[in-house]
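The values are calculated or read from the model by the stated rules, or taken from the named source; none is laboratory data. On a predicted model such as this, the values are computed, not experimentally measured, just so you know. Here the Cβ positions follow ideal geometry from the backbone for every residue, glycine too, while neighbour counts run over all protein chains shown. Keep in mind that these areas ignore ligands, DNA and RNA; they rest on the heavy atoms of the full protein, side chains included. Shrake-Rupley method; radii C 1.70, N 1.55, O 1.52, S 1.80 Å.
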Amino acid sequence: MSRIAYDPVKDRFANFIRRFRFLRTLFYMLLDLFFLRSWYIRAVLRRFGSKLDAEGPWKLLDAGSGFGQYDRFILQQFENVTVKAVDVKADYLEDSRAYFEKEIKAGRITFEQVDLRKLKYDREFDFIICIDVLEHIEEDVKVMKNMQQSLQEDGFFLMHSPSIYSEEDAGDDDSFVDEHARVGYSKKDLRQKLLSAGLKPVHIAFTYGENGHIAWEILIKYPMLWLNSIGMWALPILMVYYLLMLPIGLVLMWLDLNEPNTSGTGIYALGQKK
């Protein structure tokens, strides 16, 4: 199986979509449609963010904001939220600043280049999200403690990461985990780390169970491998492929979201500052 490095792939996409605003919007929509972790994160945000929004103004920190995918959803979903998006990559932040120009002028979102290991906010936020970031950081508990310090009392911390079962995706050459500081997390591991950071575990659950993992393979993994090996010549084939496979993949993702998973290659945790 061909080797894939995700950061170079993401950087190529970033270079492509920054040219036109509509391409970035389309990219956000595709991320929300094709990536099951987005389904889970948006479901949790709707449940807990709606309660916060009904109470009045509140603040959210997007720790490791990347392309800004979740920032777009949060600003559209909630009327009373203000967002601070931080990331270690200056070019990603500049792209997001350009895209969210209207929201910046309205005072709804700000951006800052920050190393999460050096995050220093004092009880400033009601909610923090950290999506597919901690697996890249060796000092993950230190980062969680920084998150805890940044939260107000009763504030929520939501993270997503590969699980310990994600190693099965690596194959013989570690294709899908070679950029990580660890393979992934178990439920026990996350519970212990949240508690050591001063966060009460509210809910920890596996994502990408049997149904979700099959959907990921047919909608993401194999098409990426084809693009990596064949290049742009694969696009006409993929168009026909997705006409057939997209409905199947979406049904599998819906089943994964709505049926408890005993295991899965992804995992999310919701903690609360007490």
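At-a-glance table
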read-out	value
Accessible solvent surface per residue of the chain, calculated while the other protein chains remain in place, 1.4 angstrom probe, Å²	49 Å²
At R0 = 45 Å, FRET efficiency that the Cβ-Cβ distance of Asn80 and Ser263 yields, to 0.05	0.75
Qualifying GluC sites (Glu not before Pro) for region 70-105 [loop in DSSP, other Cβ within 10 Å: at most 13]	Glu79
Order by protection proxy (mean Cβ within 10 Å, highest first), peptides 41-53, 132-144, 261-273, 226-238	261-273, 132-144, 41-53, 226-238
Carbon plus sulfur fraction of accessible area for region 117-274, probe 1.4 Å, in percent	57 percent
FRET efficiency estimate (nearest 0.05) - Cβ-Cβ, Ile104 to Leu195, R0 25 angstrom	0.10
Amide H partners (placed H, <5 Å) of Val114, local residues excluded	Asp87, Val88
Within a Gaussian network of the chain (alpha carbon springs, distance under 10 Å), most fluctuating of Lys193, Lys145, Lys102	Lys102
Radius 9 Å from Cβ of Phe73, net charge of other residues (Lys, Arg +1; Asp, Glu -1)	0
Degrees, to the nearest 10: 187-196 long Cα axis against longest axis of the chain	30 degrees
Note, ³J(HN,Hα) from phi for region 136-141, Karplus 6.51, -1.76, 1.60, rounded to Hz, x at Gly and Pro	8, 10, 4, 8, 5, 5
